[in-house]
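Below is one structure, written out as structure tokens; comments come after it.
The values are calculated or read from the model by the stated rules, or taken from the named source; none is laboratory data. Everything numeric in this text was worked out from a predicted model, so none of it was measured. Virtual Cβ from ideal backbone geometry, glycine too; neighbours counted across all protein chains shown. Keep in mind that these areas ignore ligands, DNA and RNA; they rest on the heavy atoms of the full protein, side chains included. Shrake-Rupley method; radii C 1.70, N 1.55, O 1.52, S 1.80 Å.
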Amino acid sequence: MRARGTSSMAGQWPFEKVLIVNRGEIAVRVIRACRDLGLKSVAVYSDADRAARHVRLAVEAYHIGPPPARESYLNIPKLLDVAKQSGARAIHPGYGFLAENAAFADACAGAGLIFVGPTGDAMRAVGEKTSARRVAQQADVPIVPGATAGVEDAKEAAAMAAKLGYPVMLKAASGGGGMGQRVVTRPEDLESSLRAARSEAASAFGDSEVYLEKLISPARHIEMQIIADTHGNVVHLGERECSVQRRRQKLIEESPSVVLDDELRGKFAEAALKVARAINYTNAGTCEFLLGPDRQFYFLEVNTRLQVEHPVTEWRTGLDLVKEQLRVAAGLPLSFTQEQVQFRGHAIECRVTAENPYNRFLPGSGTISNYQEPAGPGVRVDSGAFAGMEVPLFYDSLLAKLITWGEDRQQAIARMRRALSEYTIAGVSTTIPFHEFAMQHPRFLAGDLSTGWVAEAWSESGEKAQNAEQARQADASQLPPEALAALAAALVDSDLGAAARKRVHPGGDHNGTERSPWREAGRRAATRNW
């Protein structure tokens, strides 16, 4: 165990220490909220995270095992033991790992601990997509046409698909992230797709149940942030558009959605609040919806936790959702009412992950050799990354969240372009090149989005983008002597020149996203009218 000083605790709280059973940027985010409130933070770490930022920032930090999550961050008995050792009375799960695990919420309650999230019963009510669909249906909230229970066999699936009409979607009842999902466009593919979806679901979630629904396409993915306390206050904090996805994983989120008018926005909010009240929901959560091309919307699921994209909502409302989560867990009422919520401007979040967008967004590992965050007006970075950090393959690939705010969408995008151009992460592949591409694309600028936009605009292989980058490099290699002399001078004058040269990768700079003086000088030289 490691310990360091902290400010005095807030006397009104029923707990003075919060155990954060997570890692990376979300652990850092919760630690900072605790510090603002005068609460002590307790971190946990695996062997892979000994030098992590959240370990250094917490008041106390406890080692919990080897890198595999099942032996560390998912080890419930070990985590409860840390709570006992540290004297922490509250446990914040962040997102991922155990954040939506009803058994863990129950175990915390059984141990006399306060779980910072909804109750186990609320989680179970909407924990599976099929049960969540039944809850929404009973609350008079529209759901995507299809089953509210798993299909028994291929014969039942075929009959249902014929009634709904192709294309249809097979979905795992448990879990998320696109696992156990298959789009079926022809009757002859249904049986094999059902077998594949069941196998993948069983492997990923330990549950082979799969249900079937109509495929809504093209569709926009829109979610509504909710939060409720134990005093009967249930409020919404507006919508976020999450249509920019690859393999059903979000890449860019923004608020407000450019496609919603006040009337439709009100219907989304009303639907989300109906679902929350139907299960006596408390703490922060998100109701997710699909919006079809006919402007009909359909309930998808409830995420019973804080969302990765919560900073987008925070910036538009001026609220701190983690602090509100802690207030609710402490039995205090929300610090605001629905009428007091005010929305201002436009916010965008880009998820910066350790993935190679030029190679099907495959995750990677390595050492971050240079790291520098952007700053300036309207820029926020939530990150656990730093120079010298070893990026492991054991966990989610998220390195940081880059968020910008503007008085309108145009200004938010302009600030995002600036921030991306300033963001330096060398040594590992990241999604920054994709985000730069997106922020310049005519369809993104026009708000003409759907969940299939990434596949349409940026091929899975990244071939077009990669070829374009190689062409630019080939052009630069044919510079006249005067241009090469200018580039050499820039290298000599740059303090970073020698270090930057060492980071050039054979075959092109495709697995790093660093901006350095030699590279920028080269671009300027290549475009100068010699």
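Arg195 sits with roughly 140 Å² accessible to a 1.4 Å probe, with DNA, RNA and ligands left out of the calculation. Amide H to amide H distances under 5 Å link Gly65 with Asp47, where only residues 5 or more positions off or on other chains count and H is placed in the peptide plane. Averaging Cα coordinates gives a centre for the range 26-51 and one for the range 404-430; these two points are 26 Å apart. List the relative contact order of the range 399-454 as a percent without decimals, with contacts defined as Cα pairs under 8 Å and 6+ residues apart. Taking the mean separation of contacting Cα pairs over the length of the range 399-454, I get 22 percent. Across the range 194-279, the relative contact order, built from alpha-carbon pairs under 8 Å that are at least six residues apart, equals 20 percent. The mean sequence distance of close C-alpha pairs (under 8 Å, at least 6 residues apart), as a share of the length of the range 305-361, puts its relative contact order at 39 percent.
Per residue, the accessible area of the range 57-187 comes to 41 Å² when a 1.4 Å probe rolls over the protein heavy atoms.
Of the trypsin sites (Lys or Arg not before Pro) in the range 252-361, the ones in a loop by DSSP (not H, G, I, E or B) with at most 15 other beta carbons within 10 Å are Arg295, Arg344, Arg360. For the range 228-382, the per residue solvent-accessible surface stands at 35 Å², with DNA, RNA and ligands left out and a 1.4 Å probe. Say the cut-off is 28 Å between C-alpha atoms; which of Lys84/Lys401; Lys214/Lys250; Lys84/Lys129; Lys17/Lys78; Lys155/Lys214; Lys84/Lys274 go over it? Violating the 28 Å limit, Cα to Cα: Lys84/Lys401; Lys84/Lys129; Lys84/Lys274. Each Lys or Arg adds one and each Asp or Glu takes one away; over the other residues whose Cβ falls under 13 Å from the Cβ of Glu407, this sums to +3.
Under 5 Å between amide hydrogens, built in the peptide plane, is the criterion, and for Ser369 it picks out Gly388, Ala426, Gly427, Val428 among residues at least 5 positions away or on other chains. Cross-link reach is defined here as a Cα-Cα straight distance under 20 Å, omitting same-chain residues fewer than 8 places apart; for Lys163 the aspartates and glutamates meeting it are Glu152, Asp153, Glu188, Asp189, Glu191, Glu213.
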